[in-house]
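Here is the structure we will look at, set down as C-alpha cells.
The values are calculated or read from the model by the stated rules, or taken from the named source; none is laboratory data. All of these numbers come straight from a predicted model, not from anything done at the bench. Glycine also receives a Cβ, built like all others from the backbone with ideal geometry; neighbour counts cover every protein chain displayed.
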Amino acid sequence: MPFSIPFLSIGPKVKVTPTLVTARSPWLVHLLTLGSYSRSVDVDSRTKVVEIDIRFLWVLHRQHTIPFGDINYIVYGMDDLSAGSSFVTGEREGGESFPVGLRVRHREYFLLCRFSGEGAYASDTPWLPTDYVREKIENALDVTGTQYQDS
C-alpha cells in the first residue's frame with residue numbers, strides 16, 4: 001500500500017454538527033487564488049436545504065438554495081488526471097480528483113466540493129508475470145495524497 005501524505009491533497013474543510021454539515025474552500029485555495037475564489041456549502045437538516053455560495057473574482061457572487069425535496073441523488077465520481085498514462089503498458093500515475101455533487105429534479109447538476117491530489121501508481125498491464133511481483137513494483141516507493149480517504 002502506498003504511503004499517504006496529507007499535504008499531497010487538497011479538499012474542503014468539513015465541519016459536522018448535529019444539524020449542520022459545512023464544507024468551505026481550504027486556506028490553500030484562498031492563498032493560491034489571492035482570495036478571488038471561494039466556495040461554501042451548508043447542509044442544514046433543520047431547515048432541510050442545501051445552500052451553495054460561490055464567489056469569483058472578488059465581486060461576482062452566485063448563491064443556490066436547494067430544498068431536500070428537489071434532490072434526486074448525490075453524484076460521487078473519480079477523475080483520473082494523470083498525464084503520463086500509457087495505453088500500451090496500462091501504467092498510470094498522477095493526479096486524481098473526487099467530485100461530489102447533487103443532481104436535482106430538472107436534471108441540473110450542482111458541484112458541492114472536490115477532493116484532489118496525487119494519486120497512487122497503478123499498472124493494469126498483463127505483462128507482469130504474477131500478482132505478487134506487480135504488487136511489489138506498485139508499492140515500492142509510491143506516495144499518494146489523502147483525497148480518496150477524505151472524500
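Of all the residues that make up region 4-24, how many are touching a strand residue (DSSP E or B) at 6+ places or on another chain (Cβ under 6 Å), modelled with pLDDT of 90 or more and either buried (at least 17 other Cβ atoms within 10 Å of the Cβ) or among the hydroxyl-bearing types (Ser, Thr, Tyr) (or both)? Residues flagged as touching a strand residue (DSSP E or B) at 6+ places or on another chain (Cβ under 6 Å), modelled with pLDDT of 90 or more and either buried (at least 17 other Cβ atoms within 10 Å of the Cβ) or among the hydroxyl-bearing types (Ser, Thr, Tyr) (or both) within region 4-24 amount to 3. With respect to (1) within 21 Å of Gly101 (Cα to Cα); (2) of a type outside the set (A, V, I, L, M); (3) modelled with pLDDT under 90, the lone exception for Thr47 is condition (3). Out of all the residues in region 27-46, which are small (Gly, Ala, Ser) and touching a Leu at 6+ places or on another chain (Cβ under 9 Å)? Answer for region 27-46, where residues must be small (Gly, Ala, Ser) and touching a Leu at 6+ places or on another chain (Cβ under 9 Å): Ser36, Ser45.
Which residues, taken from region 68-99, are aliphatic (A, V, I, L, M), at pLDDT below 90 and surrounded by 12 or more Cβ atoms within 10 Å (Cβ to Cβ)? Met78, Leu81 - these are the residues of region 68-99 that are aliphatic (A, V, I, L, M), at pLDDT below 90 and surrounded by 12 or more Cβ atoms within 10 Å (Cβ to Cβ). Scanning region 50-67 for residues that are surrounded by 12 or more Cβ atoms within 10 Å (Cβ to Cβ) and either at pLDDT 95 or above or part of a strand (DSSP E or B) (or both) returns Val50, Glu51, Ile52, Asp53, Ile54, Arg55, Phe56, His64, Thr65, Ile66, Pro67. For region 5-49, a residue qualifies if it is assigned to a loop (DSSP other than H, G, I, E, B) and in contact with a helix residue (DSSP H, G or I) (Cβ under 7 Å, 6 or more places away or on another chain), and the qualifying residues are Gly11, Lys48.
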